[in-house]
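Reading through the structure tokens given below for one structure.
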Amino acid sequence: MPLTDIKVKTAKPMEKAYKLADGGGMYLLINTNGSKYWRLKYRYAGKEKMLSIGVYPDISLADARQKRDAARKLLAAGSDPGEVKKAEKLAQKLSFNNTFGVIAREWHKQKADRWSPRYRDEIIDTFEKDIFPYIGQRPIAEIKPMELLEALRRMEKRGALEKMRKVRQRCGEVFRYAIVTGRAEYNPAPDLATALATPKKTHFPFLTAEELPHFLKDLAGYTGSIITKTATQIIMLTGVRTQELRFARWENIDFEKRLWEIPAEVMKMKRPHIVPLSEQVVELFQSLKPITDIYPLVFIGRNDRTKPISKESVNQVIELLGYKGRLTGHGFRHTMSTILHEEGFNSAWIETQLAHVDKNAIRGTYNHAQYLEGRREMMQWYGDYIDGLTINGSVIIGKFSVKTEC
């Protein structure tokens, strides 16, 4: 006889566990401690098996019957209900362990040793603030393009367009990592580019060749920190980025060979870079040796000698000289590029000097060595050119002729 709700509810424990049958192979197991479990006995491939349906009262009699009927339908279709349940549990476990947040942190850990500490922290902080609160707990294989789009649009609405672009790219890297590790099949990030606002490219202010003599005169009269003044002069004469300059170490400067080797972890594109030094730059570096040679860093901070000058130090010099809005430290790169191109120097030499990545990585590695002597000549010309500028704008051309062949 089928069970009733009253009979199930009032069933008392006995000295031994016992069963109350409901029909169709399902029964209620009452243990000696009073706990009650729904079970289904069935046969599959000639073997008797048992399926756990749930615990009473969490699973009511009606609920248990629905689960029993669903299991019997699986049997009728040729499936083993027990194995189906195991597969569902495994899928649920994998989904929990394969959320976007879990995989993003795994991807971040795999990449961490390739990044600088600052960049590494910036990436995970951005995920924590802008992505994880919205899709971090979602199984990555189930995330729809609209879900990621909505998270990114929150950044778009507050005007952080450039940051949004970078975050979308990083999300794409996480999805690609999930795909190659077998936990996702589709990367929605690239397809969202057309649905989001495009950040406008902003160019750093820079000086023209005609404006340089006035700036050089003002810089010569600067009476602030000799370390930041020298940093400004070196960044102007080499075209390196501010970060590359700030983290310059004495051990990476070879005065005999007149080379500055910048390690990959400092570079924007995470590739080592070699900078040939003109006589002018060598003299500038040597002028700092009596001040900072006892420390690993060339451009030591004012308050903490183990840290470099701040990333705004060069721009602060520029601002104090009255050039705020007209020039930045990064703008020296544009000025150098313009002058060297106008003088007819080989574009490949210039792009390599500025550490612009060659789209062909193999060719880029080859050119790095091939162009070194050409860049030596070019940078000495540029050092002489800057030395030759006078306040009226006339220029004394350096002793090196312009060469354009590879």
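Just to verify a result, which residue in segment 172-200, among those that are without any contact (Cβ under 8 Å) to a residue 40 or more places away in the chain and charged (D, E, K, R), is most open to solvent (accessible area, probe 1.4 Å)?
Among those that are without any contact (Cβ under 8 Å) to a residue 40 or more places away in the chain and charged (D, E, K, R), it is LYS200.
I'd like the full set of residues that are among the basic types (Lys, Arg) and within 20 Å of the chain's Cα centre (by Cα), limited to segment 149-166.
The initial filter retains those residues of segment 149-166 that are among the basic types (Lys, Arg), namely 153-154, 157-158, 163, 165-166.
Hits for segment 149-166 are ARG153, ARG154, LYS163, ARG165, LYS166.
I'd like the residue in segment 146-166 that is touching a Pro at 6+ places or on another chain (Cβ under 6 Å) and of a type in the set (A, V, I, L, M, F, W, C) and, out of all such residues, is least open to solvent (accessible area, probe 1.4 Å).
Initial filter on segment 146-166 (touching a Pro at 6+ places or on another chain (Cβ under 6 Å)): 148, 161-162, 165.
Applying the additional criterion that residues be of a type in the set (A, V, I, L, M, F, W, C) yields 148, 161.
On the way: LEU148: 0, LEU161: 44 Å².
Among those residues, the one meeting the criterion is LEU148.
Filter segment 11-51 down to residues that are in a loop (DSSP other than H, G, I, E, B) and on the phi > 0 side of the Ramachandran plot, then give me how many there are.
So in segment 11-51, the residues in a loop (DSSP other than H, G, I, E, B) come out as 11-17, 24-25, 31-35, 45-46.
Within this subset, residues satisfying the condition of being on the phi > 0 side of the Ramachandran plot are 24-25, 34, 45-46.
So the count comes out to 5.
Restricted to segment 201-238, and to residues that are among the charged types (D, E, K, R) and more than 18 Å from THR328 (Cβ to Cβ), which residue is surrounded by the most Cβ atoms within 10 Å (Cβ to Cβ)? Reasoning before the result, please.
To start, the set of residues in segment 201-238 that are among the charged types (D, E, K, R) comprises 201, 210-211, 217-218, 229.
Still in the list and also more than 18 Å from THR328 (Cβ to Cβ): 210, 217.
Working: GLU210: 9, LYS217: 13.
The residue in question is LYS217.
Can you list residue pairs whose Cβ atoms sit under 6 Å apart, with the first residue in segment 291-306 being closer than 10 Å to GLU251 by Cα and the second being of a type in the set (Ser, Thr, Tyr)? Count only pairs 6 or more apart in sequence or on different chains.
VAL298/THR292
Yes or no: MET146 free of Cβ contacts under 8 Å to residues at least 60 places away in the same chain, in a helix (DSSP H, G or I), over 20 Å from the mean Cα position of the chain (by Cα) and more than 24 Å from TYR323 (Cβ to Cβ)?
The answer is yes for MET146.
Residue pairs, Cβ under 8 Å, 6 or more apart or interchain, first in segment 221-236 and closer than 10 Å to VAL314 by Cβ and β-branched (Val, Ile, Thr), second assigned to a helix (DSSP H, G or I) and open to solvent by 40 Å² or more (accessible area, probe 1.4 Å). List them.
THR228/GLN316
Restricting to segment 113-145, what's the tally of residues that are open to solvent by 80 Å² or more (accessible area, probe 1.4 Å), modelled with pLDDT under 90 and among the basic types (Lys, Arg)?
Selection size over segment 113-145: 2.
Check off (1) modelled with pLDDT of 90 or more; (2) open to solvent by less than 40 Å² (accessible area, probe 1.4 Å) for GLN169 and give me the number that stays unchecked.
(2)
Kindly evaluate VAL275 against the criterion of being within 23 Å of ALA209 (Cα to Cα), buried (at least 19 other Cβ atoms within 10 Å of the Cβ), in contact with a strand residue (DSSP E or B) (Cβ under 6 Å, 6 or more places away or on another chain) and modelled with pLDDT under 95.
Working: within 23 Å of ALA209 (Cα to Cα): yes; buried (at least 19 other Cβ atoms within 10 Å of the Cβ): yes; in contact with a strand residue (DSSP E or B) (Cβ under 6 Å, 6 or more places away or on another chain): yes; modelled with pLDDT under 95: yes.
When the stated conditions are applied, VAL275 passes them.
Could you please give the count of residues in segment 25-56 that are of a type in the set (A, V, I, L, M), under 52 Å from the mean Cα position of the chain (by Cα) and open to solvent by 40 Å² or more (accessible area, probe 1.4 Å)?
Pass one, segment 25-56, residues of a type in the set (A, V, I, L, M): 26, 28-30, 40, 45, 50-51, 53, 55.
When the remaining residues are screened for being under 52 Å from the mean Cα position of the chain (by Cα), the result is 40, 50-51, 53, 55.
If we keep only those that are open to solvent by 40 Å² or more (accessible area, probe 1.4 Å) as well, we get 50, 55.
Here the count works out to 2.
The values are calculated or read from the model by the stated rules, or taken from the named source; none is laboratory data. From a predicted model like this one, the values you see are computed outputs, not experimental measurements. Quick reminder, even Gly has a Cβ in these numbers, built from the backbone with ideal geometry, and neighbours come from all protein chains shown. The area values use the complete protein model at the heavy-atom level, side chains included, leaving out ligands, DNA and RNA. Shrake-Rupley method; radii C 1.70, N 1.55, O 1.52, S 1.80 Å.
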